[in-house]
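Novice: Got a structure for you, questions after.
The values are calculated or read from the model by the stated rules, or taken from the named source; none is laboratory data. Model, not experiment: these values are computed from the prediction. Because the Cβ atoms are built from the backbone with ideal geometry, glycine has one as well, and the counts that use them run over all protein chains shown.
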């Protein structure tokens, strides 16, 4: 009997360095999660998206079949073990959601070299020669070993692959395994993958408080802008309104969360610029 091959897109990360949800970023005219899920679906029997409990019903993830983390482990290992708990007899092709250059040919190349009788098959990193754990096939035989690994307090799937002597495959395209973690990396990738989208107008709701509200003569407005970040947006607004405060004097929040001045902004975002408050 052939072992079922399922796919898992890991989308439970907190996107700490990016300062916004990496699964929702668009490189190919739709969310990166949708792109990764569709790419993975073409090479497996069935695909799922790995999420934390609080993400299960968000707009980006809920259109897809989800597996909610069900084990007390941090990081990607939680998603892998939760998938294995759901379907322990299946092999799992696991990919990270933040690989915008990952394509079907790269996945098929890995599967063609798969060692189904072993523990796992992974690409060898073109950067350091170590296993790439977030584009890898975890066989049913890996489950007990992964559980034992996690029981010792470890949660790094790369270290697990190293100690388990996983089958390693030379990548057909090193760039296919490059992930995007920061705003600078995002805009560099966009210039390669979607230069027109990088400069496309975005419809943004802007809110002002205190001195900025007085100087703008309004508390909010919705504008069309080609600004790519809050910093670029604020510099554009300074051409419209007599703002006397520079960015260094302000805090910025995007979609109700304090953020970074260089983080990507997208159509539909709400951006708030907050000046210092007098008094104490």
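Novice: Being farther than 20 Å from residue 190 by Cα, at pLDDT 95 or above, not assigned by TED's automatic domain parsing to the domain that holds residue 228 and not in a strand (DSSP E or B): is that true of residue 78 here?
Specialist: yes
Novice: Now for a separate question. Just for the stretch 8-19: of the residues that are surrounded by fewer than 20 Cβ atoms within 10 Å (Cβ to Cβ) and at negative phi, which one is nearest to the chain's Cα centre (by Cα)?
Specialist: 14
Novice: What number of residues within the stretch 110-124 satisfy the criterion of being in contact with a helix residue (DSSP H, G or I) (Cβ under 6 Å, 6 or more places away or on another chain) and either in a loop (DSSP other than H, G, I, E, B) or surrounded by fewer than 18 Cβ atoms within 10 Å (Cβ to Cβ) (or both)?
Specialist: Going through the stretch 110-124 one residue at a time, the tally reaches 1.
Novice: Given (1) surrounded by fewer than 20 Cβ atoms within 10 Å (Cβ to Cβ); (2) modelled with pLDDT of 95 or more; (3) under 15 Å from residue 157 (Cβ atoms), where does residue 5 come up short, assuming only one miss?
Specialist: (3)
Novice: Within the bounds of the stretch 165-182, is there any residue that is in the same structural domain as residue 75 (by TED's automatic domain parsing), modelled with pLDDT of 95 or more and loosely packed, with under 15 Cβ neighbours inside 10 Å?
Specialist: Looking for residues that are in the same structural domain as residue 75 (by TED's automatic domain parsing), modelled with pLDDT of 95 or more and loosely packed, with under 15 Cβ neighbours inside 10 Å, one finds at least one in the stretch 165-182, hence yes.
Novice: Mind counting the residues in the stretch 98-130 that are under 17 Å from residue 160 (Cβ atoms) and either touching a strand residue (DSSP E or B) at 6+ places or on another chain (Cβ under 8 Å) or not assigned by TED's automatic domain parsing to the domain that holds residue 163 (or both)?
Specialist: Qualifying residue count, the stretch 98-130: 10.
Novice: Taking the stretch 40-53, which residues are in contact with a strand residue (DSSP E or B) (Cβ under 9 Å, 6 or more places away or on another chain) and touching a residue at least 24 places away in the same chain (Cβ under 8 Å)?
Specialist: Result: 40, 41, 43, 44, 45, 46, 47, 48, 49, 50, 51, 52.
Novice: Any residue at all in the stretch 234-246 that is over 17 Å from residue 270 (Cα atoms), in a helix (DSSP H, G or I) and touching a residue at least 24 places away in the same chain (Cβ under 8 Å)?
Specialist: Within the stretch 234-246 (the criterion being over 17 Å from residue 270 (Cα atoms), in a helix (DSSP H, G or I) and touching a residue at least 24 places away in the same chain (Cβ under 8 Å)), the answer is no, since none of the residues qualifies.
Novice: Look at residue 277 and say whether it is in contact (Cβ under 8 Å) with a residue 60 or more places away in the chain, farther than 30 Å from residue 104 by Cβ and in a strand (DSSP E or B).
Specialist: It is false that residue 277 is in contact (Cβ under 8 Å) with a residue 60 or more places away in the chain, farther than 30 Å from residue 104 by Cβ and in a strand (DSSP E or B).
A quick yes/no check of all residues on (1) touching a strand residue (DSSP E or B) at 6+ places or on another chain (Cβ under 7 Å); (2) in contact (Cβ under 8 Å) with a residue 12 or more places away in the chain; (3) within 25 Å of residue 144 (Cβ to Cβ); (4) assigned by TED's automatic domain parsing to the domain that holds residue 171:
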{"residue": "27", "(1), (2), (3), (4)": "no, yes, no, yes"}
{"residue": "38", "(1), (2), (3), (4)": "no, no, no, yes"}
{"residue": "92", "(1), (2), (3), (4)": "yes, yes, yes, yes"}
{"residue": "96", "(1), (2), (3), (4)": "yes, yes, yes, yes"}
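Novice: I need the full set of residues from the stretch 27-45 which are within 17 Å of residue 188 (Cα to Cα) and either under 9 Å from the mean Cα position of the chain (by Cα) or crowded, with 19+ Cβ neighbours inside 10 Å (or both), in order please.
Specialist: Of everything in the stretch 27-45, those that are within 17 Å of residue 188 (Cα to Cα) and either under 9 Å from the mean Cα position of the chain (by Cα) or crowded, with 19+ Cβ neighbours inside 10 Å (or both) turn out to be 27, 32.
Novice: Looking only at the stretch 237-263, filter to residues that are at pLDDT below 95 and closer than 15 Å to residue 202 by Cβ; which one of those is surrounded by the fewest Cβ atoms within 10 Å (Cβ to Cβ)?
Specialist: Among residues in the stretch 237-263 that are at pLDDT below 95 and closer than 15 Å to residue 202 by Cβ, the one surrounded by the fewest Cβ atoms within 10 Å (Cβ to Cβ) is 255.
Novice: Of everything in the stretch 247-268, what is free of Cβ contacts under 8 Å to residues at least 24 places away in the same chain and either in the same structural domain as residue 18 (by TED's automatic domain parsing) or assigned to a helix (DSSP H, G or I) (or both)? Give them in sequence order.
Specialist: The answer is 247, 248.
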